[in-house]
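Notes to accompany the following structure.
What follows is calculated from the coordinates using simple rules that are stated; it is not laboratory data. For clarity, every value in this text was computed on a predicted model and none was experimentally measured. Note: ideal-geometry Cβ built from the backbone for every residue, glycine included; neighbour counts use all protein chains shown.
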Amino acid sequence: MRGFFFACAPEIASTRAMQTLFISDLHLDESRPAVTALFFAWLQREALGCDALYILGDLFEAYIGDDDDALLVAHVADALRAVSDAGVPLYFLHGNRDFLLGEAFAARAGMTLLADGSVVALYDHPTLLMHGDTLCSDDVAYQRARAQLRDPRWQQQFLAQPLPARRAFAAQARAESTKHTGAMDRSIMDVTAEAVDAAFTASGVDRIIHGHTHRPAIHELGAGRQRIVLGDWYDQGSLLRVSIQGVELATLPLADA
């Protein structure tokens with residue numbers, strides 16, 4: 001198991017008695033404007049008053065580079081920047097759909113990029129943050145493809161292509177991903193106990209927060225260990241609230257947009 005990065009994000013001060021928010025797997029796409037509207041409304045309604053907001057990957061359905069001129073990308077950056085400008089620290093950790101999101105977009109949005117596998121202190125409780133895909137070690141085909149897509153040489157070659165070519169590749173990749181997940185046993189695409197145990201051991205924490213599997217739950221694993229899984233934003237919003245009092249998974253109906 002690889003090592004873990006201890007994030008430089010400041011420890012959340014418990015004296016504020018507020019909450020830290022976590023989201024992942026929004027898969028924002030022009031074809032689902034209602035979800036985007038819900039996200040923007042939630043940012044203005046709840047995120048503006050939090051201690052910090054963490055996005056644990058797959059903010060976009062597909063992300064083809066910081067030079068993407070799509071209106072959705074610009075609107076998302078503007079919406080996040082409004083939260084950052086209000087004094088809320090924003091942190092982003094790459095997912096399997098937006099691993100090409102770089103420093104330029106982060107700067108536009110006012111976000112700090114975190115490495116996958118960052119340990120942060122949440123109200124004095126060290127917590128490992130992951131997207132979650134590396135925990136799905138039984139999906140060998142996916143892990144092989146992930147290794148190729150994260151290769152800096154492959155990324156450099158991809159980003160050198162014109163935007164239309166990149167958009168076509170992303171559309172094809174989404175179609176292949178849908179075919180792959182539809183043909184696979186659901187259990188293979190979930191986390192494995194061995195990978196989860198290795199992550200706990202290597203990081204030295206007793207709490208993990210991740211997304212990716214779209215199976216929101218709070219798992220009490222014994223020995224004081226806790227694994228919290230964030231939900232997706234396909235048919236509703238999903239978030240985790242963490243405070244000094246504890247943790248709460250919540251959903252947001254599309255009617256809230």
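For the chain, adding -39500 (n - 2.57) for each run of n ≥ 4 DSSP H residues and dividing by the number of residues yields -10500 deg cm²/dmol at 222 nm. Among Ile218, Ile55, Ile228, a tally of other beta-carbon atoms within 10 Å of each Cβ gives an order, fewest to most, of Ile218, Ile228, Ile55. Take the Cα of His75, step 7 Å toward its Cβ, do the same at Ala165, and the gap between the two points is 3.0 nm.
Sparsely packed loop sites in segment 193-257 (the chymotrypsin sites (Phe, Trp or Tyr not before Pro) outside DSSP H, G, I, E and B with at most 15 other Cβ atoms within 10 Å) comprise Tyr234.
Per-residue 3J(HN,Hα) values for segment 41-55, derived from phi via the Karplus relation 6.51 cos²θ - 1.76 cosθ + 1.60 with θ = phi - 60°, read 5, 5, 4, 6, 7, 10, 5, 4, x, 9, 6, 6, 10, 10, 10 Hz in sequence order (x marks Gly and Pro).
Among the trypsin sites (Lys or Arg not before Pro) found in segment 133-173, those both in a DSSP coil and sparsely packed, with 15 or fewer other Cβ atoms within 10 Å of their Cβ, are Arg150. Only the Cβ atoms of Lys and Arg (+1) and of Asp and Glu (-1) were treated as charged; on that basis the dipole of the chain about its Cα centre amounts to roughly 200 debye. Can you tell me the relative contact order of segment 18-256? Whole percent, Cα pairs under 8 Å, sequence separation 6 or more. For segment 18-256, the relative contact order is 24 percent. All Cα-Cα separations within the chain were binned at 10 Å from zero, giving a P(r) of 7, 31, 38, 21, 3, 0, each value a whole percent of the pairs.
Under Stokes-Einstein, with the Kirkwood radius over Cα pairs as Rh, the value for segment 140-252 at 20 °C and 1.002 mPa s is 126 µm²/s. Using C-alpha pairs below 8 Å separated by at least 6 residues, the relative contact order for segment 112-161 is 19 percent. In order along segment 73-87, the phi-based Karplus estimate (6.51 cos²θ - 1.76 cosθ + 1.60, θ = phi - 60°) of 3J(HN,Hα) comes to 4, 5, 5, 5, 4, 5, 5, 5, 4, 4, 5, 4, 5, 7, x Hz; Gly and Pro are listed as x.
Taking the empirical scaling 2.2 N^0.38 Å for compact globular proteins as reference, segment 21-98 has a Cα radius of gyration ratio of 1.03. Dividing the convex hull volume of the alpha-carbon atoms in segment 75-177 by its residue count gives 122 Å³ per residue.
Where both bridge residues fall in segment 18-256, DSSP classifies roughly 55% of the beta bridges as antiparallel. A simple spin-label model places the labels of Gln157 and Ala86 4.4 nm from each other, with each point 7 Å out along Cα-to-Cβ.
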